[in-house]
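Take a look at the structure below.
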Amino acid sequence: MLKKTTYAMSFGAILNIILDPIFIYVFNWGMAGVGFATVVSLGIVSVIILYWFRGDTYINFSLKYFDFNKDLLKKILAVGMPAGAESIIVAFFRRIFNHDISYSFWN
């Protein structure tokens, strides 16, 4: 099982290396092309991994066994919302800080 994952991730890295210049220079997307190439290669690898492991794992994903639990959702959100808000705030201030540094450096 580990070999399959290693092969898929290696294929994804090589595919990303191939797609980067195509999206940057052929499609003239610049740095946005790097992001698109990464998303496309990860998507293809995800499909490959899902195909390889469709019945080969000990976990079954099925909505048949899904049971909505309102109390559990509240507990998850009670932990997740503050952590998510903290991440957003840190990213916001990091963006401002990086902008100030780059502005003062280049001017």
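The values are calculated or read from the model by the stated rules, or taken from the named source; none is laboratory data. Here the structure is a predicted model, which is why all the values come from computation and not from measurement. Don't worry about glycine lacking a Cβ; one is built from the backbone with ideal geometry, like all the others, and counts go over all protein chains shown. The protein model used for the area step is the full one, side chains on, heavy atoms only, and it has no ligands, DNA or RNA in it. Shrake-Rupley method; radii C 1.70, N 1.55, O 1.52, S 1.80 Å.
Among Asp71, Asp100, Asp56, Asp67, which is at pLDDT 95 or above and not aliphatic (A, V, I, L, M)?
The unique qualifying residue is Asp71.
Provide a single number: the residues in the range 16-52 that are in a helix (DSSP H, G or I), farther than 16 Å from Thr6 by Cβ and polar (S, T, N, Q).
1
Please tell me if Val90 is exposed (fewer than 11 other Cβ atoms within 10 Å of the Cβ) and either part of a loop (DSSP other than H, G, I, E, B) or aliphatic (A, V, I, L, M) (or both).
Against the criterion (exposed (fewer than 11 other Cβ atoms within 10 Å of the Cβ) and either part of a loop (DSSP other than H, G, I, E, B) or aliphatic (A, V, I, L, M) (or both)), Val90 qualifies.
Which of the following residues is surrounded by 11 or more Cβ atoms within 10 Å (Cβ to Cβ), within 22 Å of the chain's Cα centre (by Cα) and hydrophobic (A, V, I, L, M, F, W, C): Leu2, Leu19?
Residue meeting the stated conditions: Leu19.
So which pairs qualify, if the first residue must be in the range 32-45 and among the aromatic types (Phe, Trp, Tyr), the second must be surrounded by fewer than 14 Cβ atoms within 10 Å (Cβ to Cβ), the Cβ gap must be under 9 Å, and the two must be at least 6 apart or on different chains?
Phe36/Phe27
For the range 22-43, which positions are open to solvent by 70 Å² or more (accessible area, probe 1.4 Å) and closer than 16 Å to Phe11 by Cβ?
Val39, Leu42
Any idea how many residues of the range 53-75 are open to solvent by 90 Å² or more (accessible area, probe 1.4 Å) and part of a helix (DSSP H, G or I)?
Residues meeting the conditions: 8.
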